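Below is one structure; the comments refer to it alone.
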Amino acid sequence: MATTHHEHHDDHGHDHAHHVIPISLLMKVFGGLIIGMALTVYAAIFGPKMPVQFMWLIAMLIAYAKAFLVVQYFMGVKYTTKLVKAFAYGGFFWATLLLIMLTDYGTRQWEPVPGWTPGEESALSRDLEIDRVPEDVQIHH
Amino acid sequence: MSSHESTHPDAPVVYEQFEDIGQQQETYVLGMWSFLVNETMFFAPLFFVYGLYTWKHHADFYLAHALLDWRIGGINTFILLMSSFAVALSVHYAQKGRTRAQLNCLWFTIACAAAFIWIKLQFEWIPKISHGVFPNPEFIQNYPHYAMEHGVPAADPYKARLYYSLYFAITGLHALHVAIGIIVFLALIYLIKKKSSLITDYIPTEMVGLYWHFVDLVWIFLYPLFYLMPRP
Amino acid sequence: MNFPLMPPQASEHAVAYDALFWTITALTVIFTLIVGVMIYGFAVKYKRGSSADRRNAQSHNEKLEVLLLVVPTVLGLAIFAWSAVNFTSVRTPKKDEMELFVIGKRWMWHVQHMNGIRENNEMHVPVGQPIRLTMISQDVIHAMYLPAFRAQYHVVPGRYTSLHFTPTKPGTYKLLCGIHCGTQHSEMVGFVHVLSQQDFDEWLESGGNRYTKADRSMEQVGADLWKEKGCGNCHQGTDNNRAPSLNGIFNTQRTMTDGSTVLANEDYLRESILRPWDRISAGYENTMQAYANSLSEEQVLSLIAYIKSTGSGATPGQGEYEQPVRDGRALDSSSKSTIDIANDRASAGASQAKELTN
Amino acid sequence: MSATVVDKTQEEGLHEPHPKKNYLTADHTIKSWLLTVDHKRIAVLYLISTTFFFFLGSIAAAFIRAELTNPMGTLLTSETYNKMFSAHGIIMVFFFLVAVIPGVLGNFLLPIMVGARDLAFPRLNLLSWYVFMAGGTCFVIALMMGGVDAGWTFYTPLSSLYSNTPITLALVGVFFAGFASIFTGLNFIATVHKMRAPGMTWFRMPLFVWGQYATGVIMILGTPVIAITLLMVAIERMFKIGIFSPELGGDPVLFQHLFWFYSHPAVYIMLLPGMAVISELMACFSRRPVFGYKFVAFSSIGIAALSFLVWGHHMFVSSQSVLQGIVFSLISFLVAVPSAIKVFNWALTMWKGSVHFTTPMIYALGFLGLFVVGGLTGLYLAAIDTDVHLTGTYFVVAHFHYVMVGGTIMAFLGGLHFWWPKMFGRMYSEFWGKLSAIIVFVGFNFTFFPQFILGYLGMPRRYHYYYFAPEWQVYHVLSSAGSTVLGIGFLMPAFYLTASLINGKRAGRNPWGAKGLEWEHADSPPVTLNFDKPVVVTGPVYDYDAEKDSEMIRAGQRLVDMVKGEEEK
């Protein structure tokens, strides 16, 4: 962000924006994308059965890899200025801020809503309360 | 808008607010990326809402998703990947000044985009909408029948409605982007053929290309999220 | 004409609250004065053309900036810590709370006591008794706002929220709706009557006053409803093939068909009554009728009160409720995959939902 | 700002017998205004339209205040009252505050201040105004159809399922206004990054530009979120899809999360440009560089980034989880720090300065006073416990009016008075200007200070009646009386500024003796492409000399003469 006077002018001088990506590289990237797509389908439909969180993880990792290929080569971010790189990846990063909302949904049951046994001291100690169910009570997991 | 450096007829037009062509090109690229950041934030809440409800109602969403055919989605993914490749090629040719090859790539992209929308409408939206399986109050009655006809188990219709609400909202917004892409590509081809003074270098093609790659990116995430949901 | 400056201080929390409130006020006044004096002083002293000494003027001073960074941060964190402690304590249920049920609907507050007394836009509570409001809305979001108790919480449709306070002064205080809920939002107001224990007992004895007169307690209403709807046909004293017994089920851990466990609290019971196919106890089919359109929120609350009255997992001595493993179709979910179970209950849910909407 | 004068002839242009054409006189047809791509003309278009919306919103406010003088509210029905406060909120937030400083002052000054001939994307800029007007038109039509009653926050399920008013149309209007703001932000970012004149480094940029840049960042990162959220509510209304409605399977609190994810940063979309203006005013009329320039600049960026992490403090009692509430409360205290840094640095700017009490400076000092109160009362609302009692009461109303009116509008009026001679080439009456600034300050405090007490007493906002608490009437009457004074204060500039266009004294290039490219290198009003010759910046920003300034005044020179002397030099 703190581009100085000189860098600013270097920006003008550079020819990076004119970088021509060779067709062979484009084809390799396209091949990579097709392989990625085939992998996703294989993992989801034909692949070995795995725990569901793991399946989601794999699907999302492949999707991110494909997205990275597209951004880096098809969109040519690899060959642009740092500034454009910051914008390109900063946007993705910022979108993940929405995930903060999951904290709410993940910890809402810590709230002393009716049905919870009264907590000892703090509203946040209720998890312990559940752990204190007598051991002879059989809980099936 | 007048140019102040139109000494050479084929020289790129530099608009009056810019010093030189380099500054203009960089500004355009940066502007386009700012727009794409904005587009990312536009789709992000939809993805978030979908992710949240998938987390909460995974089993029902899994059952509801059985009405989507992963093969059709896969074909559409392939089509979009090809179109993205074609756009990358067209930027390549534009940089080399090979206008004919560039135009062919653009036409191919338009064909892909049109095929994408046609497949989406023909095999996914129209059958569902004509059976009343789109998010409306009657969905609750219509959906179990429709699922039975297709031989797939029906999910809790209330949650299936939530699933299809999000499905139509997100893929609808994506399809809208595809449709806008077609219009923009057509305009680009028209201007190139007309040898418009607006298009004298490869930058407009690259701008449209960036937009199109973004549309592709969204689909790269949509496909596994909607069509390839893992068994809970 | 008088100028009131403070709302009545009528709960335990109000005292703690006001201590924090006036501390922040003191800070606000101090900082406003500092900035005000700076502005006034500089403006007067360095008015253009004044003979003040203007030599060696600095235009930045890192040490000063760091000071400006640190002092507000430290003060802010101190206030934060104080307020977080206050908030956690006020959200924590007290022992021996008296529970009142509140239903917010456009545009009135409906309050129900355990003994069945029903009040509209009024709430009678004894002094010194920790109170818990269990609240739900029938339509839009409302907020239960009790300024004299410094208590406020949103009343949300679809799930129960709670509010805790301990009134300390007998009197009549305002009960307001704190969030815009439509046309007559400002008429969704009422009063909380804090009575001495003796008065409250008398009030209870008399079955409330005027329109609040109670003939049956919530449990009795729930029990009648239980009979009327024929719940006991399936939910009998012990578990049978059709349905689990609900005796003492409240606050126990339940295992679901998909293997997950769930605490049978009010929210779960409500959901199971209104949309039973959502989460089904392990070992059972989805055969129960859904009551989503045929029971009001009040009726659901009475049913829950009745179920609670049969015992609770949290009450000492009654907590040993054990979900039995029944022969044949045991909790052994490995024989059936979770998705198959989800399949079964979902299709059943679908057909029921169809009936429901027809 | 000292800068090498590239061409002396532009200085002489002032003294030509026939003034050369400027952006106002370049062309006179209506078409040339409606199809203009000149950022200065678009700024004027924004000035006219936001002024219209301001007065529309003020009329609604007048009705609200008139109604509340009586606990029984005899003037309006509850339904109309609800529509009034909704209209007031929606217009003022989405069609005035968000657009006004970036749209008017930002559009006009940002390119000149960085030494550019125009914004990076002039046609996008014009589109932004059209989209803004389209949104405004949608909302005005919704008003004509009876108005909406869900408040500016559009909480579900009231807005999605229960309200019978044309909310969909209003949502579409806000959606469009959001896009106008996105386009403006995009333009500012590209311009600041790529269009700076040679020698205009980041730390030679005026703080106004820093503030607008930070605003632009929030605009492109936050606005799309509210746009899509409101679109979801609109779709939910039309098709009953149930993303946010519990009876259809959704979660109403999710809407609040998404809404405040934008709407808290939006507070800074409204406020940061105001802070940006104040930095300029304090520097110019203290004849000193802004104290701690870098800290003020980075505090803008810090505010922009932190503002995205505190949305939950609007939802402490909304049944979000206790843990998240506490975390949000913590971060909310951190966002107070950069604001505190700014306030102290502005005050310190006057230290050893040469303070000129002109109209813009009186507005700026008024801003400081009101913003300090507005900011500090934010502590009550960031502290999770004190917020429980105060949230949704008149305390909140008073707090955000101190920040939004005391902050943004005072800053806007100050900026408008400061740059008015630059924009239109005419001076207004200094007497009326000062008078109006003082009336606005006094009227404002009378209107909103009683509301703090009302809020603490427990008066909920959006209440039409308060017959159950007649003891509150005294504060309501005070507040309504104050609002009359405030209204007069707001009306006065409309008259004397308009009058100045006709009979105002011609302002020279630099009537305030200020530094900065817009004062030293551009005419008043500027020519179509801002500068006659490209500028090259060689000196630091805010290159004022308070000592010399004061000496000259002591020697008996008046400001006007000094400026003239500078110009003739």
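Mean residue ellipticity at 222 nm from the helices of chain D, using -39,500 (n - 2.57) per DSSP H segment of n ≥ 4 over the full residue count, to the nearest 500 deg cm²/dmol?
-21500 deg cm²/dmol
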- Task: Please arrange B:Glu39, B:Glu16 by counting, for each residue, the other beta carbons lying within 10 Å of its beta carbon, fewest first.
- Result: B:Glu16, B:Glu39
- Note on the structure: Per the C-alpha gyration tensor (a ≥ b ≥ c, the square roots of its eigenvalues), the protein assembly as shown is rounded if a/c is under 1.5, else prolate if a/b beats b/c, else oblate; here it's oblate
- Message: Tell me which trypsin sites (Lys or Arg not before Pro) from the stretch C:251-304 have a DSSP coil assignment and no more than 16 other beta carbons within 10 Å of their own.
- Response: C:Arg279
- Message: If you take every DSSP beta bridge fully contained in the protein assembly as shown, what fraction is antiparallel? Give it as a percent rounded to 5.
- Response: 70 percent
- Item | Cα-centred dipole magnitude for chain D, charges only on beta-carbon of K, R (+1) and D, E (-1), debye, nearest 20 | 660 debye
- Task: Kindly provide the Kirkwood hydrodynamic radius of chain D in Å, to one decimal, from all pairs of distinct alpha carbon atoms.
- Result: 24.3 Å
- Query: Each residue of the stretch C:49-57 in turn: what ³J(HN,Hα) in whole Hz from Karplus with 6.51, -1.76, 1.60 and θ = phi - 60°, glycine and Pro shown as x?
  - Reply: x, 5, 8, 4, 6, 10, 6, 6, 6
- For the stretch C:98-212, what percent of Cα pairs sit more than 18 Å apart? 45 percent
- Query: Does anyone have the angle between helix D:359-382 and the longest principal axis of chain D? Alpha-carbon axes, 0 to 90°, nearest 10?
  - Reply: 30 degrees
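Given chain B, report the % of alpha carbon pairs whose separation exceeds 23 Å. Walk me through the numbers on the way to the answer.
Details: 14910 of 26796 pairs.
Of all Cα-Cα pairs in chain B, 56 percent lie more than 23 Å apart.
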- Query: How about the stretch C:89-119: which trypsin sites (Lys or Arg not before Pro) there are in a DSSP loop, with at most 14 other Cβ atoms within 10 Å of their Cβ?
  - Reply: C:Lys95
- Message: Using the basic label-point model (7 angstrom from Cα toward the beta carbon), what is the A:Ile23 to C:Arg242 distance in nanometres?
- Response: 7.5 nm
- Gyration tensor on Cα atoms of the stretch D:331-416, a ≥ b ≥ c root eigenvalues, a/c under 1.5 rounded, else prolate if a/b beats b/c, else oblate, says oblate
- Message: Please compare each pair in A:Lys28/A:Lys78; A:Lys85/D:Lys342; D:Lys194/D:Lys342 to a cut-off of 19 Å on the Cα-Cα distance and tell me which ones are over it.
- Response: A:Lys85/D:Lys342; D:Lys194/D:Lys342
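If you stretched the chain out fully between D:Thr25 and D:Thr69, how much longer would it get, using 0.36 nm times the residue separation minus the C-alpha to C-alpha distance?
On the way: separation 44, 0.36 × 44 = 15.84 nm, distance 4.85 nm.
That works out to 11.0 nm of additional length.
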- Taking square-rooted eigenvalues a ≥ b ≥ c of the alpha carbon gyration tensor, is the stretch D:87-194 rounded, prolate or oblate, where a/c under 1.5 means rounded and, failing that, a/b exceeding b/c means prolate? prolate
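What list do you get for B:Cys105, C:Cys234 if you sort them by fewest beta carbons within 10 Å? Let's see the in-between values first.
Values: B:Cys105 24, C:Cys234 17.
Listing B:Cys105, C:Cys234 from fewest to most nearby Cβ atoms yields C:Cys234, B:Cys105.
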- Compute the acute angle (0 to 90°) between the alpha-carbon long axis of helix D:122-144 and the principal axis of greatest extent of the alpha-carbon atoms of chain D; round to the nearest 10°. 40 degrees
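Step through the table entries B:Lys56/B:Lys120; A:Lys66/B:Lys56; D:Lys40/D:Lys294; B:Lys96/B:Lys193; C:Lys94/C:Lys308; D:Lys352/D:Lys548, compare each Cα-Cα distance with 21 Å, and write down the pairs that go over it.
Values: B:Lys56/B:Lys120 28 Å; A:Lys66/B:Lys56 27 Å; D:Lys40/D:Lys294 29 Å; B:Lys96/B:Lys193 17 Å; C:Lys94/C:Lys308 19 Å; D:Lys352/D:Lys548 12 Å.
With Cα atoms farther than 21 Å apart: B:Lys56/B:Lys120; A:Lys66/B:Lys56; D:Lys40/D:Lys294.
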- For C:Ser296 and C:Asn115, what does the FRET efficiency come to when R0 = 22 Å and r is the distance between their Cβ atoms, rounded to the nearest 0.05? 0.65
- Query: Going 7 Å from the Cα of C:Asn2 toward and past its Cβ, which residues in the stretch C:115-146 have a backbone nitrogen under 12 Å from where you end up?
  - Reply: none
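Coordinate-derived values only; no laboratory data. Since this is a predicted model, take the numbers as computed values, not measurements. Reconstructed Cβ throughout: ideal geometry from the backbone, glycine too, with neighbour counts over all protein chains shown.
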